[in-house]
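Enquirer: Here's a structure for you.
The values are calculated or read from the model by the stated rules, or taken from the named source; none is laboratory data. Note that the structure is a prediction, hence the values are computed from the model and not measured. In this analysis, Cβ positions are derived from the backbone assuming ideal geometry, glycine residues included, and neighbour counts consider all displayed protein chains. Protein only, heavy atoms only, side chains kept; ligands, DNA and RNA dropped before computing areas. Shrake-Rupley method; radii C 1.70, N 1.55, O 1.52, S 1.80 Å.
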Amino acid sequence: MKKENDQGKVDQKYGMVIDLDKCTGCGTCMVACAAENNVSVRPDQSDKERTITWMRLYKITNGKEFPDSEVSYFPRPCMQCDHHPPCVSVCVSTATRLDTHTGIVSQIYTRCIGCRYCQAACPYGVRYFNWWDTYFPKDKGLERYLSPEVSPRMRGVVEKCTFCHHRLMRAKEQAYAEDRREIEEEEYQTACTQACPANAITFGDLNNPEHEVSKLSKHPFAFRLLERLGTEPKVYYLSSRDWVRKLGDNFLPGEYQPVVNKTWANQNWSTKPGRDTFSL
Amino acid sequence: MDSPLLPQGVKRCSTWAFFFWTLPWLALLAWGGLSAFLCLWKGLNQTNMSNVFAFALWIVFDLAVIALGAGAFFTGFLTYIIGKKELKNIINTAVIIGFICYSGAMAMLGIDIGQPIRGWFIFWHANIHSMLVEVSFCITCYLMVLAIEFIPIILENRKLEEIKELRLFGHNLHEIMAVFAATGTFLSFFHQGSLGGMFGVMYARPFAAREGFYIWPWTFFLFVLSAIACGPLFTILCTKLTEFLTRKKLVPDSAIQLLAKISAWLLSLYIVLKIFDYLGWIYGIVPRAGLTFESFFREGPYGMWLVVLEMVFCGILPAIILMVPQGRKNQAWLIFAALLTCTGIVLNRFLFIVVTLAVPVMPFDRFWSYLPTWQEWGIGLAVVGYGFLVFSLAYRYLPVFPKERELNPVPES
Ligand code: SF4
Ligand code: SF4
């Protein structure tokens with residue numbers, strides 16, 4: 001639903017469309033996200049249950065034997081749930097909230113008491129608790145990457161993807177400096193969007209019909225993760241493959257409706273025409 | 001050695017025997033102290049909690065002890081508000097157990113959060129929509145009420161009673177106890193319910209999610225009901241354990257039987273509603289989330305047997321035993337049923353916490369397992385040690401059981 005602000009203008013609703021047919025699983029988005037947002041590392045990163053990966057890449061397969069086996073990579077940032085985000089209403093100290101003007105779910109680290117109720121409530125597992133003290137190895141040159149725009153997090157608080165919110169601030173400041181009220185589509189892009197070599201990620205304002213995301217989100221191949229739970233994620237995925245779309249939600253037997261309408265298959269915005277005939 | 005401090009006209013073990021009795025509990029406390037120190041110093045990485053298991057053993061313990069401690073508010077309500085005079089003989093025990101459970105839970109919560117020094121933000125930056133805020137407010141206030149209810153019992157100590165001002169103060173507090181009982185009932189009702197609500201509102205977690213009316217999910221009422229059913233039974237269990245250890249009769253049967261009877265009705269009502277809850281969840285919420293009942297018990301050590309154990313063996317069975325007058329009048333059956341009920345409540349809280357988070361909601365996510373570390377057990381068991389210690393001290397030095405003298409006359413020597 002488009003919300004209007006005090007001046008009667010439609011508010012922004014920043015969102016993301018990730019084309020799973022284009023994603024090669026290279027992991028650049030993960031690295032870019034970590035570097036951009038001062039995500040601290042640990043000497044031993046093998047502890048997968050406690051590492052911090054705001055952008056996480058899942059590898060999914062169709063579970064079939066060769067030669068029918070297929071693999072897809074599934075990048076997963078915070079879904080920035082639009083409707084009653086599960087994490088927001090539960091937070092005891094109002095450390096996390098949904099900004100209705102931008103649609104971004106933000107996190108105030110210095111207000112978080114680390115109760116982790118938000119983690120328990122989020123079904124996407126995008127919230128990360130700082131189990132360890134922050135660590136930026138000096139001799140590896142990592143300290144040079146530290147961005148002054150993003151606050152590093154202390155031990156004992158929960159953190160998560162913010163759609164590189166600081167970049168929005170930067171773009172806004174630039175616009176005000178140039179006496180503009182609006183910011184252009186390319187002025188605010190997340191780090192993962194910019195870094196993706198396959199151009200699989202598109203970012204922008206879902207409420208603005210001029211923005212690419214807004215068009216792509218209406219693509220017949222578009223779906224959202226666990227959509228039926230009603231969290232209304234602002235991250236959309238595109239896939240022409242039924243088995244991938246099927247893995248986007250828990251469908252009971254006979255419930256999944258394949259995208260059979262082929263009328264768009266030959267249009268240029270169709271990612272991989274014809275692939276939706278893939279049988280399960 | 002400490003005989004001037006002991007209540008008059010009752011028999012207590014020797015100081016040395018008492019000292020040796022406290023040693024294991026002190027050891028548990030020391031273990032907990034070390035664990036707490038490590039957690040505060042090094043962080044929660046001392047536990048086996050993870051980003052998947054954000055809530056774990058401590059929250060299970062918390063929810064369980066708070067439910068078991070519900071005997072305090074409910075017995076207070078029955079004694080002072082409904083006017084069940086026979087319960088005056090067991091109200092002190094209920095209050096002390098309630099105090100132990102609540103203060104233990106608060107201490108555990110202090111370690112469980114990542115930034116304990118910021119704990120007060122719950123009150124300062126309170127998010128009124130969060131059920132956990134309601135829980136925190138009510139528990140804090142209720143702990144104060146429990147402390148106020150505990151004070152007159154402490155002031156009845158033989159030595160303290162000799163001080164006139166304290167005696168008068170304690171006496172006056174006694175007179176207005178109904179006010180605190182009413183406040184406690186109000187506060188308890190809401191936080192017991194909100195503890196259930198905390199899980200019921202997690203609508204994106206289909207295992208815990210429950211619908212209901214208006215802002216309250218069903219779990220709100222189920223948690224209240226289960227707490228007031230098992231709380232008094234836990235008080236009975238503790239009394240029976242004390243009677244067993246001291247080889248004395250401490251509470252007249254009339255009080256025990258009345259509590260057991262009320263619990264039996266409440267437990268039966270709870271079990272009926274819980275069955276409806278399970279049915280509503282299995283045929284309503286679960287399929288709407290695209291899952292089936294079995295999908296929650298497919299992976300890991302969490303089998304369907306947990307639900308059978310919770311509902312049949314620790315729910316329906318004790319409810320039947322307690323509902324039958326012969327059943328609850330028989331000591332062994334009464335204790336057995338009370339034990340089963342308390343186990344069932346702990347199991348219920350375990351299911352709501354650990355299993356809820358263990359089951360991944362995303363279809364391609366994997367199952368992670370969780371086993372607590374010794375530090376986690378240390379903190380949890382320290383509450384048990386603390387409970388034994390406080391209760392033993394109270395029993396030794398305070399007239400906890402008003403009928404003790406009458407039921408166990410000390411032979412003239
Ligand atoms: S994906 Fe999780 S953390 Fe992000 S807004 Fe939704 S519930 Fe909150
Ligand atoms: S861990 Fe922090 S952000 Fe999450 S609910 Fe608790 S206080 Fe809020």
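Enquirer: Please find, within region A:1-24, the residue that is modelled with the lowest pLDDT out of those that are part of a strand (DSSP E or B) and farther than 19 Å from A:THR231 by Cβ.
Expert: It comes out as A:GLU4.
Enquirer: Can I ask one more? Select from region B:92-140 the residues that are more than 16 Å from ligand 1 (Cβ to nearest atom) and part of a loop (DSSP other than H, G, I, E, B) and list them in ascending order.
Expert: B:ILE113, B:GLY114, B:GLN115, B:GLY119, B:TRP120, B:HIS125, B:ALA126, B:ILE128
Enquirer: For region A:40-68, give me the residue count where each residue is within 14 Å of chain B (Cβ to nearest Cβ) and touching a Cys at 6+ places or on another chain (Cβ under 9 Å).
Expert: 3
Enquirer: Further question: Please identify the pairs in which a residue from region A:247-259 that is under 17 Å from A:GLU70 (Cβ atoms) and more than 12 Å from chain B (Cβ to nearest Cβ) has its Cβ atom under 9 Å from the Cβ atom of a residue that is open to solvent by 30 Å² or more (accessible area, probe 1.4 Å) and among the hydrophobic types (A, V, I, L, M, F, W, C), counting only partners at least 6 apart or on another chain.
Expert: As it stands, the answer is A:PRO258/A:LEU280, since those pairs meet every condition given.
Enquirer: Restricting the search to region B:24-66, which residues are in a loop (DSSP other than H, G, I, E, B) and among the basic types (Lys, Arg)?
Expert: Scanning region B:24-66 gives no hits.
Enquirer: Restricting attention to helices (runs of 4 or more DSSP H) lying wholly within region B:288-374, give those where 1 or more residues are among the charged types (D, E, K, R) and open to solvent by less than 60 Å² (accessible area, probe 1.4 Å).
Expert: B:325-329, B:331-350
Enquirer: Every residue in region A:84-93 that is within 14 Å of A:CYS122 (Cβ to Cβ) and either more than 6 Å from ligand 1 (Cβ to nearest atom) or without any contact (Cβ under 8 Å) to a residue 40 or more places away in the chain (or both), please.
Expert: Within region A:84-93, A:HIS84, A:VAL88, A:SER89, A:VAL90, A:CYS91 meet the criteria.
Enquirer: Would you mind stating whether B:VAL179 is more than 14 Å from chain A (Cβ to nearest Cβ), under 25 Å from B:TYR397 (Cα atoms) and more than 16 Å from ligand 2 (Cβ to nearest atom)?
Expert: Taking the combined requirement at face value, the residue does not satisfy it.
Enquirer: Checking the condition under 27 Å from the mean Cα position of the chain (by Cα), over 19 Å from B:PRO402 (Cα atoms), buried (at least 22 other Cβ atoms within 10 Å of the Cβ) and away from ligand 2 (no atom under 16 Å from the Cβ), which residue from B:GLY184, B:GLY212, B:GLY197 passes?
Expert: None of the other options fit; the residue is B:GLY184.
Enquirer: Just give me the residues in region A:154-163 being open to solvent by 10 Å² or more (accessible area, probe 1.4 Å) and within 20 Å of the chain's Cα centre (by Cα), in sequence order.
Expert: Those that are open to solvent by 10 Å² or more (accessible area, probe 1.4 Å) and within 20 Å of the chain's Cα centre (by Cα): A:CYS161, A:THR162.
Enquirer: Looking at region A:209-233 only, could you name the residues that are among the charged types (D, E, K, R), at negative phi and within 14 Å of chain B (Cβ to nearest Cβ)?
Expert: Within region A:209-233, A:ARG224, A:GLU227, A:ARG228 qualify.
Enquirer: Identify, please: which residue in region A:83-94 is in a loop (DSSP other than H, G, I, E, B) and more than 10 Å from ligand 2 (Cβ to nearest atom) and is, among those, farthest from A:CYS23 (Cα to Cα)? Give the derivation first.
Expert: Initially, region A:83-94 is screened for residues in a loop (DSSP other than H, G, I, E, B), giving A:83-85, A:91-94.
Then drop every residue that is not more than 10 Å from ligand 2 (Cβ to nearest atom), which leaves A:83-85.
Values: A:HIS83: 27, A:HIS84: 30, A:PRO85: 27 Å.
Going through the qualifying residues, I end up with A:HIS84.
Enquirer: Additional query: Taking region A:95-143 as the search range and keeping residues that are open to solvent by 40 Å² or more (accessible area, probe 1.4 Å), among the polar types (S, T, N, Q) and within 13 Å of chain B (Cβ to nearest Cβ), which one is farthest from ligand 2 (Cβ to nearest atom)?
Expert: Checked region A:95-143; the qualifying residue farthest from ligand 2 (Cβ to nearest atom) is A:THR134.
Enquirer: Still on this model: In region A:25-68, what count of residues is obtained for those that are part of a strand (DSSP E or B) and either more than 14 Å from the chain's Cα centre (by Cα) or under 15 Å from A:GLY248 (Cβ atoms) (or both)? Can you show your working first?
Expert: Within region A:25-68, the first condition is being part of a strand (DSSP E or B), and the residues that meet it are A:56-61.
Pick out the ones that are also either more than 14 Å from the chain's Cα centre (by Cα) or under 15 Å from A:GLY248 (Cβ atoms) (or both) and you get A:58-61.
Adding up the residues that qualify gives 4.
Enquirer: Now for a different question. One residue is enough: does region B:390-406 have a residue meeting the conditions more than 14 Å from chain A (Cβ to nearest Cβ) and among the acidic types (Asp, Glu)?
Expert: yes
Enquirer: Could you say which residue among A:VAL150, A:VAL158 is away from ligand 1 (no atom under 16 Å from the Cβ), touching a helix residue (DSSP H, G or I) at 6+ places or on another chain (Cβ under 7 Å) and modelled with pLDDT of 90 or more?
Expert: A:VAL150
Enquirer: Condition first: assigned to a loop (DSSP other than H, G, I, E, B), away from ligand 1 (no atom under 14 Å from the Cβ), open to solvent by less than 40 Å² (accessible area, probe 1.4 Å) and more than 12 Å from chain B (Cβ to nearest Cβ). Can you find one or more residues in region A:69-82 that meet it?
Expert: yes
Enquirer: Sticking with this one: Just to be sure, is A:ASP179 within 14 Å of chain B (Cβ to nearest Cβ) and away from ligand 1 (no atom under 16 Å from the Cβ)?
Expert: It is false that A:ASP179 is within 14 Å of chain B (Cβ to nearest Cβ) and away from ligand 1 (no atom under 16 Å from the Cβ).
Enquirer: Are any residues in region A:220-249 within 12 Å of ligand 1 (Cβ to nearest atom) and closer than 19 Å to A:PHE203 by Cα, and if so, which ones? If you could, list the steps in order and put the result at the bottom.
Expert: From region A:220-249, those within 12 Å of ligand 1 (Cβ to nearest atom) are A:224-226, A:229-235; that's our starting set.
Correct list: A:ARG224, A:LEU225, A:GLU232, A:PRO233, A:LYS234, A:VAL235.
Enquirer: Is it the case that region A:145-168 has a residue that's free of Cβ contacts under 8 Å to residues at least 12 places away in the same chain and more than 29 Å from A:VAL90 (Cα to Cα)?
Expert: yes
Enquirer: Further question on the same structure: Do the conditions hold for A:TYR124, that is, is it within 16 Å of ligand 1 (Cβ to nearest atom) and among the aromatic types (Phe, Trp, Tyr)?
Expert: Details: within 16 Å of ligand 1 (Cβ to nearest atom): yes; among the aromatic types (Phe, Trp, Tyr): yes.
When the stated conditions are applied, A:TYR124 passes them.
Enquirer: Still on this structure, I have one more. Please enumerate the residues belonging to region A:209-237 that are touching a Ser or Thr at 6+ places or on another chain (Cβ under 6 Å) and more than 23 Å from B:ALA204 (Cβ to Cβ).
Expert: Step one: filter region A:209-237 for residues touching a Ser or Thr at 6+ places or on another chain (Cβ under 6 Å), giving A:212-213, A:216, A:221, A:236.
If the condition is that a residue be touching a Ser or Thr at 6+ places or on another chain (Cβ under 6 Å) and more than 23 Å from B:ALA204 (Cβ to Cβ), then A:GLU212, A:VAL213, A:LEU216, A:PHE221 are the ones that fit.
Enquirer: Of the residues A:THR96, A:THR110, which single one is of a type in the set (Ser, Thr, Tyr) and more than 10 Å from ligand 1 (Cβ to nearest atom)?
Expert: The conditions single out A:THR110.
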